[in-house]
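No lab work stands behind these numbers, since they all come straight from the coordinates. Because the structure is a prediction, the values reported are computed rather than measured. All Cβ positions, even for glycine, are placed from backbone atoms using ideal geometry, and neighbour counts span all protein chains on display.
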Amino acid sequence: MKILVTGTAGFIGSHLAHRLLDRGDEVIGVDNVNDYYDVNLKEARLKRLTDKAGFTEVRQDVADRAAMEALFAEHKPERVVHLAAQAGVRYSIENPHAYVDANLVGFMNILEGCRHNKVEHLVYASSSSVYGANETMPFSVHDNVDHPLSLYAASKKANELMAHTYSHLYNLPTTGLRFFTVYGPWGRPDMALFIFTKKILAGEPIDVFNHGHHRRDFTYIDDIVEGVIRTLDHVAEPNDQWSGATPDPGTSKAPYRLYNIGSNNPVELSRFIEIIEERVGKKAEKNLLPLQPGDVPATYANVDDLIDDVGYKPATPVEEGIARFVDWYRDFYNV
Ligand SMILES: NC(=O)c1ccc[n+]([C@@H]2O[C@H](COP(=O)([O-])OP(=O)(O)OC[C@H]3O[C@@H](n4cnc5c(N)ncnc54)[C@H](O)[C@@H]3O)[C@@H](O)[C@H]2O)c1
């Protein structure tokens, strides 16, 4: 298949592109390689992809309407996986406009491209952060998510709503994936595992928010990629049982689906740090701090729909995933 993947210089997009290329798909990879974090890491991820047959790199902004129209017209992708976005909860407190450009305008351009070019299936990244103030655990796609706590979360929820209108109006099959704290080799420098590993190795203190008591459903990158591929191959269908009298938020009369992709096994931040310390072989010096604005105390994914529809449940133990990250980090940065 010819698949347009956005965000291919990014953490999840680069891993996904490798898997798609390895199984023989053609990948058109779009990324503007912005400097939200270390551009050298993005270039290194891309370099491994451009060395592979079947990969076409397109360096452009998904918010650039004319460029995106031209891209769809030229390449005519059969399916689209849209991962490019301004990520990060904390950054959205300081830089709200970045989220409107990349996550709302960019998403609009993807929807229009899919609509006008008869794309068979659009799969896009949502986030566990859409659960916001919800406290019923584990989080289910059938729960309402009307109380986001950051503009990042609101932009992801907005994507789900925008997708629904295109599924309804143009019969465009769309699948939104709510990823839960993704970690692993080639991971993001703005996320906890990267920051902690770097600082512990350098003998510097680490900031531990919520006194280490948050619980996160940390999900290993290969498990995320497996979930993306399984759902990409399973084109969203209408739910014939859906009723407007008792509207189910996770499905629709239109070909619209949502899935959580999470490990279904929350781990406390303090335990997560202990596992890093064990693998690095050094104790962390910790600054214990309160919960940050926009952060939620716990995440926990209900993955029943993923199991029922595509027969998959993430399974990598956090000890194994952290070990693979730490080994990658030490090798890549030579420390
Ligand atoms: N990593 C996680 O824990 C996590 C959790 C939930 C959701 N997500 C979502 O998954 C997706 C991928 O996340 P990631 O962790 O790989 O992040 P990432 O920042 O590593 O990757 C995103 C990529 O998109 C590119 N990009 C950003 N804005 C762009 C624009 N306007 N035009 C073109 N390219 C642009 C960036 O350069 C980057 O390479 C994002 O949509 C993110 O919100 C990630």
Go through the stretch 144-154 residue by residue and tally those that are in a loop (DSSP other than H, G, I, E, B), touching a residue at least 24 places away in the same chain (Cβ under 8 Å) and out of contact with any strand residue (DSSP E or B) (no Cβ under 9 Å at 6 or more places or on another chain). 3
List every residue pair whose Cβ atoms lie under 8 Å apart, where the two residues are 6 or more positions apart in sequence or sit on different chains, the first residue falls within the stretch 42-66 and is over 18 Å from H82 (Cα atoms), and the second residue, located anywhere, is within 14 Å of the ligand (Cβ to nearest atom). E43/A9; E43/V33; R48/S14; R48/H18; T50/E57; K52/H18
What's the total number of residues in the stretch 155-180 that are surrounded by 22 or more Cβ atoms within 10 Å (Cβ to Cβ) and assigned to a loop (DSSP other than H, G, I, E, B)? 3
Residues that are within 18 Å of T231 (Cα to Cα) and either surrounded by fewer than 23 Cβ atoms within 10 Å (Cβ to Cβ) or near the ligand (Cβ under 6 Å from one of its atoms) (or both), drawn from the stretch 19-32: R19, L21, D22, R23, G24, D25, E26
I'd like to check something: does the stretch 60-81 contain any residue that is farther than 24 Å from L172 by Cα, within 13 Å of the ligand (Cβ to nearest atom) and among the charged types (D, E, K, R)? no
What tally of residues in the stretch 33-51 results from selecting those that are away from the ligand (no atom under 12 Å from the Cβ), more than 16 Å from F332 (Cβ to Cβ) and among the polar types (S, T, N, Q)? 1
Among the residues of the stretch 157-177, count how many are in contact with a Lys or Arg (Cβ under 8 Å, 6 or more places away or on another chain) and within 14 Å of the ligand (Cβ to nearest atom). 2
Can you spot a residue in the stretch 137-160 that is of a type outside the set (A, V, I, L, M, F, W, C) and closer than 29 Å to E320 by Cα? yes
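So that you can scan it fast, the table gives a plain yes or no per residue for (1) in a strand (DSSP E or B); (2) of a type in the set (F, W, Y); (3) crowded, with 16+ Cβ neighbours inside 10 Å; (4) in contact with a helix residue (DSSP H, G or I) (Cβ under 8 Å, 6 or more places away or on another chain):
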| position | (1), (2), (3), (4) |
| --- | --- |
| L201 | no, no, yes, yes |
| N210 | no, no, yes, yes |
| I224 | no, no, yes, yes |
| G227 | no, no, yes, yes |
| H234 | no, no, yes, yes |
| N239 | no, no, yes, no |
| G244 | no, no, no, no |
G54 vs (1) on the phi > 0 side of the Ramachandran plot; (2) more than 13 Å from the ligand (Cβ to nearest atom); (3) touching a Lys or Arg at 6+ places or on another chain (Cβ under 9 Å): all pass except (3)
Quick count over the stretch 3-18, residues being within 14 Å of the ligand (Cβ to nearest atom), farther than 14 Å from T50 by Cβ and either of a type outside the set (A, V, I, L, M) or more than 17 Å from the chain's Cα centre (by Cα) (or both), is 5
